[in-house]
Each structure stands twice: as structure tokens, then as C-alpha cells.
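Engineer: Next up is a structure, given as C-alpha cells.
Every number in this text was worked out from the coordinates using simple rules, so none of it is lab data. Since the model is a prediction, treat every value here as computed from it, not as a measurement. Cβ placement follows ideal geometry from the backbone for every residue including glycine, while neighbour counts extend to all protein chains displayed.
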Amino acid sequence: MLAIARSKPSKNTQFVGMAAERLVFRPETFDLVTMGEALAYLSDPTDALAEANRVLRPGGRLAVSAQRRSLSTRAQASSVAPVVLTSSISTTTDPMSAVASLVAANA
């Protein structure tokens with residue numbers, strides 16, 4: 001996928017591959033982090049969500065979509081369509097619990 005994206009250059013765009021559990025970005029870098037259909041394929045979804053939280057600016061948004069039920073989480077069980085979560089995640093909250101509560105709050 002990266003090769004295809006890189007073959008079509010666009011201004012102000014850089015395509016970078018890395019593990020979602022170990023992002024190379026500084027803390028509080030982004031206003032929006034998206035995870036489209038990714039959680040079921042990650043080796044550690046909890047670490048990936050924690051990393052997403054780490055790179056979000058205060059008041060930033062995390063957009064998660066998950067249609068697979070392989071994680072058996074409350075967040076995934078309550079959402080079978082893409083969901084945009086509009087609240088920030090507290091850094092003191094377990095990331096999976098935080099996503100579950102955000103999904104419930106935005107339902």
C-alpha cells in the first residue's frame with residue numbers, strides 16, 4: 001500500500017510506515033488520529049490506542065472504525081459501522097476502556 005501511495009506524489013504529503021504500537025511522532029502532535037479497520041489486525045490494540053492518545057493534542061479526536069469482532073471488546077461490540085469519537089481520552093484511563101466509554105457516549 002505504501003508503494004502505491006508513494007507512486008502518486010502529492011504536495012505536503014509524506015507516507016510513512018511504522019508499527020501503530022510505537023509511533024515515531026512527538027507527543028501532542030495531531031488534532032486527529034484515525035484507525036480505519038485496524039484494531040483487529042494489530043498485535044497489541046491497547047498499546048496502539050495508548051500511542052494514538054499520546055500523539056493527540058489536548059482536545060484532539062480519535063476516529064476508530066471496526067467491523068470485525070475478533071477483539072471481543074465492548075467498544076467493538078457496540079459499533080459495527082465507522083464511528084467518529086468526539087471526546088478526548090484521558091491519559092490516565094486504560095485506552096480500551098476509554099474507547100468503549102467514548103463509543104457509548106457518542107452512540
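Engineer: When Lys and Arg each count +1 and Asp and Glu each count -1, what net charge do the other residues less than 15 Å away from VAL33, Cβ to Cβ, add up to?
Structural biologist: It works out to a net charge of -1.
Engineer: Give, in nm to one decimal, the length gained when the segment between MET1 and THR13 is fully stretched (0.36 nm per residue of separation minus the Cα-Cα distance).
Structural biologist: Fully extending the segment from MET1 to THR13 adds 2.8 nm.
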